[in-house]
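Sharing a structure below in structure tokens format, with a few things to ask.
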Amino acid sequence: MHFQNKYDLVIFDWDGTLMDSIGAIVESMQSAAKELSIDVPSERAIRDLIGLSLPKILDTLFGHLAHLHDSITERYRFHYLSGRFASPLFEGAEQLLSDLSDSGYTLAIATGKARQSLDRTLALSGVEHLFKASRCADETKSKPDPLMLHSLLAHFDVPAHRAVMIGDSVHDLNMANNAGIASIGVSYGANLVAQLTSANPIAIVDKVSDLALHL
């Protein structure tokens, strides 16, 4: 792939951006609600929150059921880890990451996943070695707070104008806005194009390979 070398640091969201896991997240959350005999949130309601930390998602979906949050979390994680719902990397993701790494880009992850979940997923993905650092919601702050991005910029000593955030949710893009860095949205993940557009990314792409045109 040919790149423009516009950035030194490329930061990716994980779920819905590199990994096709949105369906698994939705199904797991709905299954947890069904098991506990509480109102089952709609697919759109869950999709709109993907990218936030799990506690923030639960506060929004089940704020009136705070006493059940631990149970919902346990059942959600049980279903997500059961393997019933496939979560492969999106087509072209591994190639893009490899080409970026070979071309000298520093790659990092900023995700709403908890550290334990990201580490487990990365270990199974086959692309763990391509990332130089990652930040998770349970060790910093949930998106759209910019702490994850500020931490990565400081870690690599990269100025904001030489970094870009790539994500599938408005939470990713607003985090980038709050950190003062550019962002690129992907239309194949959690949020609708209209939602992504509201955060003013420099581009919105329809497939992973198209990201190369903006890097």
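The values are calculated or read from the model by the stated rules, or taken from the named source; none is laboratory data. Predicted model, so just to flag it, every value in this text is computed and none were measured. Here the Cβ is made from the backbone with ideal geometry for all residues, glycine too, and neighbour counts use every protein chain on show.
Within the set of pairs 6+ apart or on separate chains, which have a first residue in segment 188-200 that is more than 23 Å from Met19 (Cβ to Cβ), a second that is surrounded by fewer than 21 Cβ atoms within 10 Å (Cβ to Cβ), and C-beta atoms under 8 Å apart?
What qualifies is Thr197/Ile204; Asn200/Asn177.
Mind checking which residues of segment 143-169 are closer than 20 Å to Pro201 by Cβ and small (Gly, Ala, Ser)?
Ala160, Ala163, Gly167, Ser169 - these are the residues of segment 143-169 that are closer than 20 Å to Pro201 by Cβ and small (Gly, Ala, Ser).
Somewhere in segment 64-83, is a residue surrounded by 14 or more Cβ atoms within 10 Å (Cβ to Cβ) and under 30 Å from Asn5 (Cα atoms)?
Checked segment 64-83: no residue is surrounded by 14 or more Cβ atoms within 10 Å (Cβ to Cβ) and under 30 Å from Asn5 (Cα atoms).
Consider segment 180-198. How many of its residues are part of a helix (DSSP H, G or I) and buried (at least 24 other Cβ atoms within 10 Å of the Cβ)?
Initially, segment 180-198 is screened for residues part of a helix (DSSP H, G or I), giving 193-197.
Those left that are additionally buried (at least 24 other Cβ atoms within 10 Å of the Cβ): 196.
Total meeting the criteria: 1.
Now a separate question. Taking into account only those residues within segment 1-32 that are in a helix (DSSP H, G or I) and surrounded by fewer than 20 Cβ atoms within 10 Å (Cβ to Cβ), which is modelled with the lowest pLDDT?
Step one: list which residues in segment 1-32 are in a helix (DSSP H, G or I), which gives 22-32.
In the following step, the residues that additionally are surrounded by fewer than 20 Cβ atoms within 10 Å (Cβ to Cβ) were identified as 23, 27, 30-31.
Numbers: Gly23: 90, Glu27: 93, Gln30: 95, Ser31: 95.
In this case the residue turns out to be Gly23.
Sticking with this structure for a sec: Under 6 Å between Cβ atoms, which residue pairs at least 6 apart in sequence (or on different chains) link something in segment 35-53 that is farther than 17 Å from Met175 by Cβ with a partner that is part of a loop (DSSP other than H, G, I, E, B)?
Partner pairs satisfying both residue conditions: Arg47/Ala190.
Quick one: is Ile46 outside the structural domain of Ala110 (by TED's automatic domain parsing) and in a helix (DSSP H, G or I)?
It is true that Ile46 is outside the structural domain of Ala110 (by TED's automatic domain parsing) and in a helix (DSSP H, G or I).
Still on this structure: Any idea which of (1) outside the structural domain of Leu153 (by TED's automatic domain parsing); (2) crowded, with 20+ Cβ neighbours inside 10 Å is the one Leu97 doesn't satisfy?
The failed condition is (1).
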